[in-house]
Amino acid sequence: MASKYLKNFLIYSTALVVISLLLIVWTAQLAPTLIRFVTLTGVPYVQVASINVTANGVFISLTVVNNGSLGFKPTGGWVEVMDTGQFGVVNETSRSLTAVVPLTSRWLSLGSVGVRGLINGYLNGNPAYIAFFDVIPVHVVNYIDVSGISYNDCVITVTLNASLVVPIVINTVSNMSLFTKYTAHYVFNTLTTYSINIKVPSGNHLVNLTIPIKSGPNVYAFSCSLSNNTTYVLYMPTIITYEFPNGNETTSRLFIYVFTYRGG
Amino acid sequence: MRLRVGYSYTSSRIGVVNVRLEAVIQLIIATSFVASWFVTPIWAIKGINYSIYLTPLGYVVIFFGNKALVPPPTVFAVWLFALDAGLVPIIWRRTRYPLYLSMILAVLSLTMLVDTVLFQQRYLQVRGYVTSPTPNGYIYVQLPHVSVFEVPFYILLALVVITVVNSVTGAKWTNVQVIIRRRKITGGNQLDIIKGVLDRVGVKYEDVDNGVRVGGTMVLLKGNSLILVKDSIETEVSLDVALAELVRAGADQLIRTAGDDYEGE
């Protein structure tokens, strides 16, 4: 016959097991009210900031927008230009993200392109990937500027540094003058138009414009050479025609070039 | 006096506690388990921006700076059961069943812990990543993490082991008896002196109206004199005789003492 202690023991232990089972069931029933769902808010994202078509390639620059407490630190990634099918690797240089894809003829006829990509990096220390897709206007950049001047025997040679996406024609130079910067003395002053008509193909080129300055009607040459250690200003309004595939575009361009002559 | 279930003692008379070292070790492990858990989480999933810590009050979830407490009821059972597993053999020592009961409590405590961890697996899912839409795409964040059991878990395992060992050996694997005695043994009147001495000697007695009783022997205080009641005969006795008679009446208790815990059926 079982003692009353064994009976007590059996009652206690059975009760404990039952309590445990009830707790498990209760916990399972309570679970949906205990937990709550939290998602990330104010997450950073990546935008295509600009697309610049240059003679050296198409530069796609991206920006990371951190609009909350979360901070994204990019380390690399890739982009794909949907309209040309080109892939580019994203390089991260001091807070700017840039991808370069080769310049193809298709770029010159595109008004805007779709760019998709993936940027990897760290979100508050966790590895993270940001995928994006943006449609962005294409900005064609034709660079041309004065890079050097020589003036001897009343002949001026202006060296233009051109980095062109499309071919151009330098048509005319009008009302060109050269004067000293601080004393405003003319070296020469022209009130006439010189016809240049030099065609520059696309790509990177140095172009020399050689113009003899002969005194005559509306042309005043006060000196035929430059003085040492003097600062001069070249003022050269120019008409340039850009030959885009879908038509020519003629614009005027004013070159102003300040330089100090240190010749021998 | 001894704390034994089944005896009618007044709670104010706890003067001496006489327990086995094995039971004390069990209590120490149980209390240090609970104490350490309030300091260190028992189980944790650690990541950079997503961490889950199991504390005695529930799961503390930290997600990108958001902090939340999720208290599944089973978590309270873990440490309440463990604490009981330590206390039961101290309170109930007459039979070997408290050892079994505390083993069941320790195992149930571990079971509740497993169930609580399962709660995390089921409802606080950690997939290792989180995705979220952005204005022009989406972001995918990896959440690398490690799961670790910490110190309190191993103390709980030790508690389970010690309760099993104590159940199997009858809590007799050391030969040490721990006696916790209250320093102050004498009180005001003669009756209090008698009670104090009986406590000290280790004779269990019953409080009766204005007197004490050990077995069939009773000493009553009437005025300033002590009346010994033995075999229905009342005799006025001195303090030393009264004490001697009470100790004699409790002699069989004294002989049985020292090592008879957890032996009865």
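Among strands (runs of 3 or more DSSP E) entirely within the stretch B:92-166, having at least 1 residues that are at the interface with chain A (Cβ under 9 Å from one of its Cβ atoms) and under 30 Å from residue B:24 (Cα atoms) singles out no element at all.
Residues being in contact (Cβ under 8 Å) with a residue 60 or more places away in the chain, within 14 Å of chain A (Cβ to nearest Cβ) and either surrounded by 14 or more Cβ atoms within 10 Å (Cβ to Cβ) or touching a Phe, Trp or Tyr at 6+ places or on another chain (Cβ under 7 Å) (or both) are entirely absent from the stretch B:192-203.
Figure legend. Inter-residue proximity from the stretch A:17-30: first residues modelled with pLDDT under 95, second residues among the aromatic types (Phe, Trp, Tyr) and assigned to a helix (DSSP H, G or I), beta-carbon distance below 7 Å, spacing 6+ or different chains. Indicated pairs: A:27/B:119. Being more than 12 Å from chain A (Cβ to nearest Cβ) and touching a Phe, Trp or Tyr at 6+ places or on another chain (Cβ under 9 Å), is that true of even one residue in the stretch B:61-69? No, the stretch B:61-69 has no match at all. Applying the set (1) modelled with pLDDT under 90; (2) among the aromatic types (Phe, Trp, Tyr); (3) under 27 Å from residue A:135 (Cβ atoms) to residue A:87 leaves exactly one unmet item: (1). If only residues of the stretch A:33-57 that are facing chain B (nearest Cβ under 8 Å), of a type outside the set (S, T, N, Q) and not in a strand (DSSP E or B) are counted, the one that is nearest to the chain's Cα centre (by Cα) is A:44. Checked against (1) closer than 30 Å to residue A:215 by Cβ; (2) of a type outside the set (D, E, K, R); (3) crowded, with 16+ Cβ neighbours inside 10 Å, residue A:152 passes all but condition (3). Restricting the search to strands (runs of 3 or more DSSP E) fully inside the stretch A:63-169 and requiring at least 3 residues that are within 30 Å of residue A:196 (Cβ to Cβ) gives A:126-140, A:143-152, A:155-164.
Condition check ((1) within 30 Å of residue A:48 (Cβ to Cβ); (2) of a type in the set (Ser, Thr, Tyr); (3) out of contact with any Phe, Trp or Tyr (no Cβ under 8 Å at 6 or more places or on another chain); (4) surrounded by fewer than 18 Cβ atoms within 10 Å (Cβ to Cβ)) across all residues:
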| position | (1), (2), (3), (4) |
| --- | --- |
| B:96 | no, no, no, no |
| B:103 | no, no, yes, no |
| B:109 | no, yes, no, no |
| B:114 | no, no, yes, yes |
| B:126 | no, no, no, yes |
| B:146 | no, no, yes, yes |
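Any idea which of A:240, A:198 is crowded, with 18+ Cβ neighbours inside 10 Å and modelled with pLDDT of 90 or more? That would be A:240, the only listed residue that is crowded, with 18+ Cβ neighbours inside 10 Å and modelled with pLDDT of 90 or more. Considering (1) within 8 Å of another protein chain (Cβ to nearest Cβ); (2) closer than 30 Å to residue B:164 by Cβ; (3) of a type in the set (Val, Ile, Thr), the lone condition that residue B:40 does not fulfil carries the number (1). With respect to residue A:94, determine if the residue is on the phi > 0 side of the Ramachandran plot and free of Cβ contacts under 8 Å to residues at least 24 places away in the same chain. It is true that residue A:94 is on the phi > 0 side of the Ramachandran plot and free of Cβ contacts under 8 Å to residues at least 24 places away in the same chain.
Candidates B:52, B:48: the one that is within 13 Å of another protein chain (Cβ to nearest Cβ), in contact with a Phe, Trp or Tyr (Cβ under 6 Å, 6 or more places away or on another chain) and not charged (D, E, K, R) is B:52.
The values are calculated or read from the model by the stated rules, or taken from the named source; none is laboratory data. Keep in mind it's a predicted model, so treat the numbers as computed, not measured. Here the Cβ is made from the backbone with ideal geometry for all residues, glycine too, and neighbour counts use every protein chain on show.
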